[in-house]
Each structure stands twice: as structure tokens, then as C-alpha cells.
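A.B. asks: This structure is in C-alpha cells; I'll ask about it shortly.
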RNA sequence: GCGCCCGUAGCUCAAUUGGAUAGAGCGUUAGCCUCCGGAGCUAAAGGUUACAGGUUCGAUUCCUGUCGGGCGCACCA
């Protein structure tokens with residue numbers, strides 16, 4: 001991996017010149033400049049070290065460049081540029097051999113073992129099992145699943161998990177709503193509870209219940225539990241089916257009820273008490289002028305149990321056990337994260353919806369109170385999605401149960417297209433999802449651009465094969481040894497001259513760094529961005545360079561480059577969970 | 001009132017964690033099919049990065065303030 005070679009080389013240069021050691025190396029930033037005139041890789045290390053070295057940045061850069069160990073297999077030059085950047089340029093050998101290396105590594109190309117197997121748990125979606133998955137869940141599912149794949153690709157032991165809130169008021173309310181709809185179905189009078197769920201799926205669940213048992217449950221003392229349990233399992237199964245069809249994999253569906261049953265909730269409270277982190281008190285006074293109505297409600301309240309989250313950066317202490325003895329949502333959630341750590345995960349990444357961002361300081365504070373490492377939990381907020389149709393926002397009312405579901409979206413624009421659109425944008429930014437554009441199966445739809453390039457390459461390879469031409473390849477290829485010569489292909493066997501060929505090769509060479517950066521920054525949107533650029537680079541190459549021609553050696557070199565591009569596009573799409581088609585049918589709409 | 005996300009081309013968004021001349025797509029305009037997939041390519045036009053300060057070799061990025069948009073501020077989950 002080039003990134004590693006540069007890091008090692010600069011470490012050596014720092015040592016030789018006496019400009020720094022491990023401390024300085026930690027500040028090292030390597031990047032692929034957007035302007036290729038600035039080389040294939042660049043670092044600003046000398047600019048960062050100039051002050052402490054008490055030498056001008058350019059002088060530091062000169063010294064580092066001179067001390068950088070020669071590596072003609074990879075680099076042709078190390079230049080000092082601008083105020084003191086160090087720019088590295090690939091050697092012809094490296095570039096000529098790269099396509100063969102990409103094809104030899106196949107689906108492994110782009111990955112690395114950089115993380116050395118660090119355990120990471122990614123919790124995502126975790127929607128309440130009280131209704132169909134909505135559009136924000138669809139976005140979170142695309143992002144979370146891709147994040148897991150990115151982490152795996154960079155050497156993490158990563159797993160996806162869905163936290164099922166199957167305990168508490170919300171599922172009780174679902175049970176009561178279903179019970180009411182069931183009663184109405186069998187001709188009995190029963191009003192929907194206040195704030196009950198109104199979506200049509202509630203009726204569907206009620207309609208599927210066996211009549212005799214249902215009637216018995218309606219009359220039984222605590223019979224709503226019967227409705228609750230059945231509604232819960234049905235909702236859960238439906239969510240699991242939707243996410244599976246959508247391509248979002250979860251290693252485990254972790255139920256909140258397990259935490260209550262196993263005693264993990266109680267023991268977590270005991271641990272917090274043992275650390276002197278909880279106390280019993282009445283709710284603190286809130287400015288009465290803002291909340292006059294609270295005066296009456298507060299009368300007669302018993303003491304609740306508070307957690308000292310205020311000590312750890314939260315605005316105030318939070319209630320973990322209500323005055324009626326029931327835990328708040330926070331306590332089992334703390335127990336859940338404690339369990340994540342106990343299961344051996346070194347790091348937990350949670351993807352939460354936009355309405356939960358206020359909950360982040362509370363949760364982090366709670367885990368600090370528990371004694372977990374400060375950086376154990378990392379929360380990413382998946383911002384909201386605005387659906388647009390005919391250029392107008394699609395109105396969605398959760399109260400009336402009217403909203404576009406994940407299933408609607410898959411049926412409407414397809415899972416591939418939906419995922420591509422969600423992953424195109426930065427997770428932390430609001431997203432306008434243009435349904436009209438996503439529905440369109442023509443050149444205006446960016447989701448097809450990358451897939452088209454992949455299908456086009458497959459077509460060219462098929463065309464060449466019919467003429468008996470195959471991509472250039474070395475007879476014996478060393479597997480998995482890494483390094484530029486690992487393919488064993490001799491440079492003379494591939495012949496590249498055109499600027500479009502080298503531009504494409506350079507773009508392919510950047511893929512591992514894009515994957516590494518996307519994983520490290522938790523920014524999946526870099527992948528589709530890179531793939532669009534790569535597809536564009538391929539199309540440029542394709543227009544400028546005839547691939548299949550009478551020149552057999554050149555044809556085979558170019559077929560190899562096309563094949564390498566196919567591998568990279570395929571790997572990138574696989575990271576996104578988007579299919580890489582060998583063929584694409586022209587739709588009637590596209591032809592018109 | 002407090003907190004979080006955000007404000008970049010007509011529209012939707014990037015900008016490699018502070019880097020070199022702020023880039024794509026759509027839309028607009030002008031071109032390119034005897035030939036490997038035209039769902040493609042080439043080019044033009046389009047910017048005081050909301051505004052005002054600050055930090056430094058360097059700011060779209062970090063800090064402060066103002067304006068504007070969205071979302072949160074429960075003994076709900």
C-alpha cells in the first residue's frame with residue numbers, strides 16, 4: 001500500500017535528519033492533491049515542523065526530500081513545491097504495473113489491514129417496532145451498512161446491530177391500538193387510545209389475528225399484552241424483511257427486553273450507585289414563569305432517582321428511575337452500551353436520527369459516569385430527508401400514519417437507486433431527495449452513470465473475447481504478497497502512452513486511499529463521489545483510445561486497464577451495497 | 001432563552017479533517033454517432049463561499065458576533 005510506504009519512508013527521513021520521531025510522525029497528513037500538477041501524493045509535514053525546527057519550511061522540506069529513501073519501484077521523484085509541500089510522483093513502472101495488480105487483487109483491491117482487527121460495533125436504524133420503516137431509516141440503513149463494510153475493508157472487526165425497543169410505553173400503545181382495531185373489526189365498540197397509532201398497517205395487523213383468541217384476549221384482564229406481543233413480532237418481521245431486501249445486514253437484533261429479563265438494567269443501576277453517581281430527589285425547580293402548569297403536577301410527586309450526568313458535560317442531571325419505580329429510556333440504554341463494551345467491542349458507533357441529537361451529551365455523560373473510556377461511544381447524526389415530487393415537498397404526517405416508507409421507496413425507485421442517492425450526500429447534512437429524478441431512468445439520473453460505465457466495460461470485454469482478445473496478464477502471479485511487483489507482470493507486457501490512460505490509472509491508484517479516508521472520517525459519500533469521477537475518467541479514456549484494434553499488444557493492455565476499472569467500480573459499488581450490472585437494458589423512457 | 005445541524009454557481013450538492021487556481025451533476029448555450037453500449041464525450045456561460053471581525057505561512061473549513069433556515073430542549077421512547 002502506497003500510504004504505508006510513504007509513512008515508513010517519511011519516518012525514516014525524520015529519523016535520519018533528526019527533525020523528529022514518533023511524536024512528529026503522528027502529525028503526518030498524506031493526501032492525494034486534486035491538481036495532478038502537484039504530484040500523486042503530497043504532505044504538508046515540513047510546514048507543520050518548520051516552527052519547532054526553527055528553519056524555513058522549504059529548508060525542512062529539502063532536507064526531508066533528500067533523506068527520503070529511494071524507492072524507484074514506486075516513486076520517480078520527490079519534489080519541494082510552493083511554501084514547502086513535499087510532492088511525490090509515481091514511477092512509470094508503478095503506473096504500468098498497476099492495472100495488473102488491481103485485477104490480480106480483485107475484490108480485495110482497495111482494502112487494507114490498517115486497523116489491525118479493532119472491534120467496532122455499528123448500531124444503526126434501531127427504529128421503534130411500532131410502524132413501518134420511514135425515509136430517515138432508509139437513509140440510516142444505507143449509511144450504516146456501508147459504514148460496516150468500509151470498516152471491514154480497512155481491517156476492522158465490524159458488526160452491525162439493531163437495537164429493538166420492545167419494552168416500554170410505545171409498544172404498549174401499539175398493542176392497545178391493535179386491540180382497538182381488532183375490536184372494531186369484530187363489530188365491538190372500542191376507541192383508539194389517545195396518541196394511538198393510526199396507520200393502515202395497524203388494521204392490517206388486526207385483520208391477520210385469529211378471531212377466537214383475539215376475542216378472548218379483549219375480555220381477559222391484561223389482554224392487551226396478547227395484542228402487543230403479536231403486533232410486535234409482526235412489525236419486527238416486517239422490518240427485518242424490508243431491511244434484508246434493502247441489503248442492510250445486521251449481525252444481531254438486540255432486544256431491550258433481554259436487558260430487563262437478564263437483570264442487566266438493575267445491575268447497571270447498582271454499578272452506578274456503587275460509584276456514587278445516583279441520588280434520589282424531587283424534580284429541581286424549573287423557572288415557574290416558563291412552566292406554570294407544572295405547579296399542580298409537581299404536587300405529591302415522590303422522589304425519583306437521578307444520575308449525575310451534569311458532572312460530565314450534560315446540561316443537568318437526568319432521571320434514570322421515575323418516582324413510580326419504572327426506569328426511563330436512558331437506563332436500559334446505558335445498560336445496553338455497557339453490554340456492548342462487555343462483549344469486547346473497543347468502540348461503538350451509533351447512528352441516530354436528527355431528533356435525537358439532544359440526547360448525545362446525556363448518553364456520553366452517562367457512560368463516563370459508568371467509567372467507560374471517553375471515546376468509547378461515537379454518535380453520528382443522520383440528518384433528515386426532504387422528499388420532493390414535482391419540485392414540491394411531499395407532506396408527511398406521522399400522526400395520521402401517512403409517510404413514505406422504505407418499502408414504498410424500494411417499490412418506487414429501486415433499492416440500488418435509493419441507496420446511491422442516500423450515500424451521495426454527507427450524512428450530517430439535510431438531504432433533498434428528488435423522487436422525480438430518482439424515478440427517471442435516463443442520463444439525468446446520476447445513479448446510472450457509474451453502473452453504466454461498469455456495464456459498458458463488461459460489454460467491451462465481451463466484444464473483445466468474441467475476437468479472441470483477452471486482457472494482458474502475466475502467466476504466473478504471486479498472490480497476496482503485496483508490493484508493486486507482486487503481480488509478477490513485466491512492464492514491457494503492458495504499453496501505455498496516452499494521457500487519458502495515465503489519468504485513469506492514477507484514478508484507480510487512489511482507490512485504497514479513498515476507502516481508507518472514507519472509513520476513517522465516517523464519510524461514506526466519498527465513495528460515490530470517487531466512483532463518479534472514475535467513471536468519467538473511464539469514459540474519457542474510452543473516447544480517446546480505441547480499445548479493441550488490430551494492434552494486439554495495445555488492445556490487450558487497454559483491455560487490462562478496462563478490466564481494472566471494472567474491478568474498482570465493482571468494489572466501490574459493493575461497498576455501497578449497489579449492484580454492478582454486466583448489462584443494462586435501455587428503458588423505453590431513455591430511448592424516447 | 002439554551003443546544004445541535006446547516007447557509008458555497010439558477011437548482012441539488014462536493015471540496016481528501018487548515019492546503020496550492022473553490023469543483024461536479026442537473027438546467028442553459030454551442031458542438032461530436034461509417035467503428036468496441038450516445039444511459040457517452042468536448043466546450044462555453046455561471047462565485048465577494050450569508051455578513052462582519054479574529055487566529056496564521058495559508059480559512060469554505062477553526063474562534064467570536066450578526067442575519068437566515070431546519071431540528072431538539074420530559075419522571076416520552
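A.B. asks: Could you say whether any residue in region A:214-228 is within 14 Å of RNA strand B (Cβ to nearest atom), within 27 Å of the chain's Cα centre (by Cα) and either closer than 15 Å to residue A:166 by Cβ or at pLDDT 95 or above (or both)? Break it down stepwise before answering.
C.D. replies: At the first step, the residues of region A:214-228 found to be within 14 Å of RNA strand B (Cβ to nearest atom) are A:228.
Those left that are additionally within 27 Å of the chain's Cα centre (by Cα): none.
No, because not a single residue in region A:214-228 is within 14 Å of RNA strand B (Cβ to nearest atom), within 27 Å of the chain's Cα centre (by Cα) and either closer than 15 Å to residue A:166 by Cβ or at pLDDT 95 or above (or both).
A.B. asks: Does residue A:39 satisfy the criteria of being under 23 Å from residue A:517 (Cβ atoms), over 32 Å from the mean Cα position of the chain (by Cα) and within 13 Å of RNA strand B (Cβ to nearest atom)? Steps first, please.
C.D. replies: Details: under 23 Å from residue A:517 (Cβ atoms): yes; over 32 Å from the mean Cα position of the chain (by Cα): no; within 13 Å of RNA strand B (Cβ to nearest atom): yes.
Criteria not met by residue A:39.
A.B. asks: Out of the residues in region A:1-10 that are more than 15 Å from RNA strand B (Cβ to nearest atom) and surrounded by 17 or more Cβ atoms within 10 Å (Cβ to Cβ), which is nearest to residue A:57 (Cα to Cα)?
C.D. replies: Here the answer is A:9.
A.B. asks: Filter region A:13-48 down to residues that are exposed (fewer than 14 other Cβ atoms within 10 Å of the Cβ) and either in a helix (DSSP H, G or I) or at positive phi (or both), then give me how many there are.
C.D. replies: 5
A.B. asks: Moving on. Have a look at A:190, A:230, A:212, A:185 and point out the one that is under 21 Å from residue A:169 (Cα atoms) and free of Cβ contacts under 8 Å to residues at least 40 places away in the same chain. Show your work before the answer.
C.D. replies: Working: A:230 fails: free of Cβ contacts under 8 Å to residues at least 40 places away in the same chain; A:212 fails: under 21 Å from residue A:169 (Cα atoms); A:185 fails: under 21 Å from residue A:169 (Cα atoms).
The match here is A:190.
A.B. asks: Also: Could you check region A:571-581 and list, in sequence order, the residues that are assigned to a helix (DSSP H, G or I) and buried (at least 23 other Cβ atoms within 10 Å of the Cβ)? Can you show your working first?
C.D. replies: Taking region A:571-581 first, the residues assigned to a helix (DSSP H, G or I) are A:571-576.
Those that are assigned to a helix (DSSP H, G or I) and buried (at least 23 other Cβ atoms within 10 Å of the Cβ): A:571, A:572, A:575, A:576.
A.B. asks: Please go through region A:49-88 and pick out each residue that is outside any helix (DSSP H, G or I), more than 21 Å from residue A:36 (Cα to Cα) and near RNA strand B (Cβ under 8 Å from one of its atoms).
C.D. replies: none
A.B. asks: Show me the helices (runs of 4 or more DSSP H) found entirely inside region A:405-475 where at least 3 residues are within 6 Å of RNA strand B (Cβ to nearest atom). Break it down stepwise before answering.
C.D. replies: On the way: elements: A:406-413, A:415-424, A:435-439, A:446-466.
Ranges flagged: A:446-466.
A.B. asks: Do the conditions hold for residue A:511, that is, is it within 11 Å of RNA strand B (Cβ to nearest atom) and either at pLDDT 95 or above or over 20 Å from residue A:416 (Cα atoms) (or both)? Even if it seems obvious, please write down each step before you answer.
C.D. replies: Values: within 11 Å of RNA strand B (Cβ to nearest atom): no; either at pLDDT 95 or above or over 20 Å from residue A:416 (Cα atoms) (or both): yes.
No; evaluated as a whole, the condition is false for this residue.
A.B. asks: Further, regarding this structure: Could you give every pair whose Cβ atoms fall below 9 Å, whose first residue belongs to region A:66-84 and is in contact (Cβ under 8 Å) with a residue 40 or more places away in the chain and under 17 Å from residue A:14 (Cβ atoms), and whose second residue is more than 16 Å from RNA strand B (Cβ to nearest atom) and part of a loop (DSSP other than H, G, I, E, B), counting only separations of at least 6 or pairs across chains?
C.D. replies: Between residues of region A:66-84 that are in contact (Cβ under 8 Å) with a residue 40 or more places away in the chain and under 17 Å from residue A:14 (Cβ atoms) and residues that are more than 16 Å from RNA strand B (Cβ to nearest atom) and part of a loop (DSSP other than H, G, I, E, B), the close pairs are A:71/A:91.
A.B. asks: Residues A:569, A:559: which one is closer than 17 Å to residue A:111 by Cα and in contact (Cβ under 8 Å) with a residue 40 or more places away in the chain? Steps first, please.
C.D. replies: Values: A:559 fails: closer than 17 Å to residue A:111 by Cα.
On inspection, the qualifying residue turns out to be A:569.
A.B. asks: Let me ask another. If a residue must be within 7 Å of RNA strand B (Cβ to nearest atom) and either in a helix (DSSP H, G or I) or surrounded by fewer than 16 Cβ atoms within 10 Å (Cβ to Cβ) (or both), how many such residues does region A:517-534 contain?
C.D. replies: Adding up the residues that qualify gives 6.
A.B. asks: Could you check, for region A:157-172, whether at least one of its residues is within 14 Å of RNA strand B (Cβ to nearest atom), surrounded by 18 or more Cβ atoms within 10 Å (Cβ to Cβ) and assigned to a helix (DSSP H, G or I)?
C.D. replies: yes
A.B. asks: Further, regarding this structure: The conditions are (1) touching a helix residue (DSSP H, G or I) at 6+ places or on another chain (Cβ under 7 Å); (2) surrounded by 13 or more Cβ atoms within 10 Å (Cβ to Cβ); (3) more than 23 Å from residue A:122 (Cβ to Cβ), and residue A:207 fails exactly one of them. Which is it?
C.D. replies: Result: residue A:207 fails condition (2) only.
A.B. asks: Failed condition for residue A:546, given (1) in contact with a helix residue (DSSP H, G or I) (Cβ under 7 Å, 6 or more places away or on another chain); (2) over 17 Å from residue A:142 (Cβ atoms), with all others met?
C.D. replies: Tallying (1) in contact with a helix residue (DSSP H, G or I) (Cβ under 7 Å, 6 or more places away or on another chain); (2) over 17 Å from residue A:142 (Cβ atoms), residue A:546 fails exactly one: (1).
The values are calculated or read from the model by the stated rules, or taken from the named source; none is laboratory data. No experiment lies behind these values; they were computed from the predicted model shown. Using ideal geometry, Cβ is built from the backbone for each residue, glycine included, and neighbour counts are taken over all protein chains shown.
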